[in-house]
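Everything on this sheet refers to the single structure shown next.
The values are calculated or read from the model by the stated rules, or taken from the named source; none is laboratory data. Bear in mind the structure is a predicted one, so any value in this text is a computation, not a measurement. A quick note on method: Cβ atoms are made from the backbone with ideal geometry, for glycine too, and the neighbour counts reach across all protein chains shown.
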Amino acid sequence: MNEIIFFGRNEEPKLFKNEPEKIKKPIQFKFENENENENENGKQIKQIASGFYGTIFLFKNGKAIEYLKDSKQNPKKIQIEENIQKVTIGAQNEAILTLEGNVFAKGIDINSKKPKEFINISSLIEDTNDRIIQDIVSGAHSIYLLTSNQNAYGIGSNEYCQL
């Protein structure tokens with residue numbers, strides 16, 4: 001069985017509504033635009049990542065969709081041609097690890113003067129010195145990488161690896 005149970009701030013399985021209500025019961029999450037949660041053709045859910053500005057659903061077929069804070073409840077497919085292995089999301093950043101070991105990230109730094117739309121531009125993290133990335137994790141304002149030789153690296157704009 002491939003079900004998602006959602007606890008939220010309202011009676012509908014929608015994210016980011018402004019009317020706070022008492023949580024009464026969990027609600028099964030339904031994908032409205034596509035039948036991505038069907039148990040056929042490898043479209044079973046593999047992982048869910050959630051942060052301040054959105055939620056990502058990764059499916060076993062290596063594809064993912066995201067609900068971002070400004071998505072108006074419409075999920076968007078993550079447009080990466082490689083199969084996705086893992087997703088992570090922080091306060092205003094997300095990172096995607098592909099089966100090929102590539103990491104794509106997007107976000108804004110905590111002091112950015114750029115428009116909020118800048119957060120939706122994905123970039124390939126290229127400076128890994130030919131290390132194989134095995135794992136990724138996001139902090140509130142940071143992204144961390146774990147390599148196959150068990151070294152950890154942080155990505156961010158200051159000495160503490162904050163974006």
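Condition first: aromatic (Phe, Trp, Tyr) and either within 20 Å of the chain's Cα centre (by Cα) or at pLDDT 80 or above (or both). Now tell me which residues in the range 141-160 satisfy that.
Correct list: TYR144, TYR153.
How many residues are at pLDDT 60 or above and not in a strand (DSSP E or B) when one looks only at the range 73-111?
Initially, the range 73-111 is screened for residues at pLDDT 60 or above, giving 73-108.
Cutting the leftovers down to not in a strand (DSSP E or B) gives us 73-75, 78-83, 90-92, 99-102, 108.
The total comes to 17.
With respect to PHE31, is the statement that it is modelled with pLDDT of 85 or more and more than 18 Å from ILE155 (Cβ to Cβ) true?
Judged against the criteria, PHE31 is not a match.
Counting only residues that are over 23 Å from ILE56 (Cβ atoms) and modelled with pLDDT of 80 or more, how many does the range 125-140 have?
0
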